[in-house]
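Computed from the coordinates by the stated procedures, all read-outs in this text should not be read as laboratory data. What you see is a predicted model, and the numbers here were worked out from it, not measured in a lab. Cβ sites come from the backbone with ideal geometry, for glycine too, and all protein chains shown count toward neighbours.
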Amino acid sequence: MESMSCSWSNLSSESASSSGSDCEGVANSILKIGQYATTWAGTFSHANLPVILKLPRSSPMAQTLFDTEVYLYSLLSDVADDIIPHFYGCFSLEDGPVLVLEKAGQSLKEEFWEDDKEALSLVERINIFGMLQTLHKNGISHNDFYPRNVIRRKSGNFCVIDFQLADTDHVCLEGDMCEELSSVQRALKFNDTNVMFNE
């Protein structure tokens, strides 16, 4: 697949990039062609900085999901920036908007949590579950919380990606875990483990 040179103009007033700046970059290779968006590996030319680019498809649904994802990355950059890749912002291409993120690391290998190909330690599983709890505390239900959407950083820490299916008005009932938290807790095999989770 050929690379794509492009100039990105800042679209997002809440972007983590410098306000009003333009950035030149190259989209090097396609990582994923999804139903609603295409994801590229790219580079900021001025700093030779590896980034991830996400471009929505042209349908109204794709644009709605893209707008939700941009909103959530912007929100989480303010309230929980340690659980997401660095959000550089939403920029404009000739063909439409592009979301630009730090290339934080590699996705976990499992298709489902139960597959356990990575042999995650108890501490790692607790940390991953803690990220999901943080999302829920901020009113966000991820709705696609699988290993492919959890990135292992070079440091060994984790972060979460892909919020296009997320709900932004989620509320967990007091004293009870919702279905997403319960199902991920079971999948991460905490049922027989005496672990204190954040309340």
Self-check item: Where labels lie 7 Å past Cα in the beta-carbon direction, separation of residue 121 and residue 67 in nm
Solution: 4.4 nm
Quiz item: Can you tell me the Rg and the Dmax, both Å, for the Cα atoms in region 37-124?
Solution: 15.3, 47
Exercise. Work out from phi, with θ = phi - 60° and the Karplus expression 6.51 cos²θ - 1.76 cosθ + 1.60, the ³J(HN,Hα) of each residue of region 86-99, listed in order in whole Hz, and give x for Gly and Pro.
Key: 4, 9, 7, x, 10, 10, 10, 9, 4, 8, x, x, 9, 8
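Here is the link list: 54/189; 32/103; 32/109; 103/137; 32/137. Which ones come out longer than 24 Å on Cα distance? Display every interim value, and only then the final one.
On the way: 54/189 33 Å; 32/103 14 Å; 32/109 15 Å; 103/137 26 Å; 32/137 30 Å.
Long pairs (Cα-Cα over 24 Å): 54/189; 103/137; 32/137.
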Quiz prompt | 5 angstrom amide H check on residue 37, placed H, neighbours 5+ away | solution = 57
Self-check item: Karplus-derived 3J(HN,Hα), 6.51/-1.76/1.60, for each residue of region 136-142, Hz, glycine and proline x
Solution: 5, 5, 9, x, 10, 9, 5
Self-check item: Stretch gain in nm, segment residue 29-residue 157, where the contour uses 0.36 nm per residue and the Cα spacing is subtracted
Solution: 43.5 nm
Practice problem: Order the peptides 58-68, 97-107 from the highest to the lowest mean number of other Cβ atoms within 10 Å of their residues. | Solution: 97-107, 58-68
Quiz prompt | residue 189 versus residue 114: modelled label distance in nm, points set 7 Å from Cα along the beta carbon direction | solution = 1.3 nm
Quiz item: Along each of its three principal axes, how wide is the spread of alpha-carbon positions in region 50-184, in whole angstrom units, largest first?
Solution: 46, 35, 26
Quiz item: So for region 105-187, what are the equivalent ellipsoid semi-axes in whole Å, largest first, each being the square root of 5 times an eigenvalue of the Cα gyration tensor?
Solution: 21, 14, 12
Quiz prompt | Potential lengthening between residue 148 and residue 169 on full extension [0.36 nm per residue; Cα-Cα distance subtracted] | solution = 5.2 nm
Exercise. Read phi for every residue in region 41-47 and hand back ³J(HN,Hα) as whole Hz from Karplus 6.51 cos²θ - 1.76 cosθ + 1.60, θ = phi - 60°, with x for Gly and Pro.
Key: 8, x, 9, 6, 5, 5, 10
